[in-house]
Amino acid sequence: MTGFTFANPLFLWLLIIVPGIIAWYFFRLQKTTASLQVPGLNQFERSGITFRNQLRHLLFAMQVLAVILLVFVLARPQKTDRFQNSTTEGIDIILTLDISGSMLARDFKPDRLEASKNVATEFISGRPYDRIGLVVFSGESFTQCPLTSDHAVLINLMREIKSGMIEDGTALGNGLATAVNRIKDSKAKSKVIILLTDGVNNRGEIAPETAADIAKTFGIRVYTIGVGTQGLAPYPVQTPFGMQYQDMQVEIDEALLRDIAAKTGGKYFRATDNNKLVQVYNEIDKLEKSKIDVRQFTRREEKYMMPALIAFILLITGILTRNTIYKSLT
């Protein structure tokens, strides 16, 4: 089904000036046209009317048409294909992000946390039909954004995340349990948690294994991502001289992350740099494709180019005509 609409319809109110322009033209024409009555000279009645005099009315008509077309251009006419049946992906996903102090390590650019936020933002943008939420954790956990289809709001909340928002530590079990609590009642056919961390569970009241068992009970798949290079990485350390970076051993409980993923039907990934992290999210994106049929707005085709071109030609023609044929009359 197709239709014709205007993106800025308020500009159409400018068309009310057109009758005024026409009225002003005829009023001016009457004021500037002299009449002389001479008996017996009927045969000369049209002798003063030349092709040039008649063509000036056409020039005015071209100008009025150009004004009308320019108003249409400002209103931005669009041809809209209103609905189209298509097949897309639709999944509920909770991103669970570690924001502990170690996420400021510089083995990623600019650091682990910012790299993770940037890649997650691209992942969100690439899944317009999914509901996605965001949980963050360090020494404790909380929901930064519940499941939503408003990805602009989600991305803005993602950008506001920073290390130090909550007490430091790595409460891996609490983070996973909070994510499970946010998605367990979802009616979606596919429920997914993406859990990203760079450390070892050392805080919280809930054991990660317990949280994984709860996720399994509710049919939630958990994809786990270990973030950090192999060997040493520059970690931020507070000193009397301010924050400094020292090379420290990267410690990720990969056995635990593998167990969580395997128990819930997910998969474990290790990201050792920015590119590997991008590849991880791309692989998860390919794995999680649940096809659903939707009917949606699909396409709006701008139609202002043709009226703009015609208006331009009319204006240029008018200018050239006034400066050539009508130069002596104006």
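Some observations on this one:
- Within segment 131-143, the set of residues being modelled with pLDDT of 95 or more, under 20 Å from the mean Cα position of the chain (by Cα) and not aliphatic (A, V, I, L, M) comprises GLY133 only.
- Restricting the first member to segment 137-154 and to residues that are within 10 Å of THR178 (Cα to Cα) and in the same structural domain as ASN202 (by TED's automatic domain parsing), and the second to residues that are assigned to a strand (DSSP E or B) and aliphatic (A, V, I, L, M), the beta-carbon pairs closer than 8 Å and six or more apart or on different chains are PHE137/LEU97; SER141/VAL135; PHE142/VAL135; PHE142/VAL136; THR143/LEU134; THR143/VAL135.
- Within segment 128-143, the set of residues being among the polar types (S, T, N, Q) and in contact with a helix residue (DSSP H, G or I) (Cβ under 7 Å, 6 or more places away or on another chain) comprises SER141, THR143.
- Residue match in segment 155-176 (condition: without any contact (Cβ under 8 Å) to a residue 40 or more places away in the chain, more than 21 Å from LYS286 (Cβ to Cβ) and among the hydroxyl-bearing types (Ser, Thr, Tyr)): no
- Each residue in segment 61-95 was checked for being within 28 Å of TYR223 (Cα to Cα) and either more than 21 Å from the chain's Cα centre (by Cα) or modelled with pLDDT of 90 or more (or both), and 4 of them qualify.
- Positions within segment 161-206 being more than 26 Å from ILE252 (Cβ to Cβ) and either loosely packed, with under 13 Cβ neighbours inside 10 Å or touching a helix residue (DSSP H, G or I) at 6+ places or on another chain (Cβ under 9 Å) (or both), in sequence order: LYS184, ASP185, LYS187, LYS189
The values are calculated or read from the model by the stated rules, or taken from the named source; none is laboratory data. Keep in mind that what you see is a predicted model, and the values were worked out from it rather than measured. Ideal geometry is used to build each Cβ from the backbone, glycine not excepted, and the neighbour counts take in all protein chains shown.
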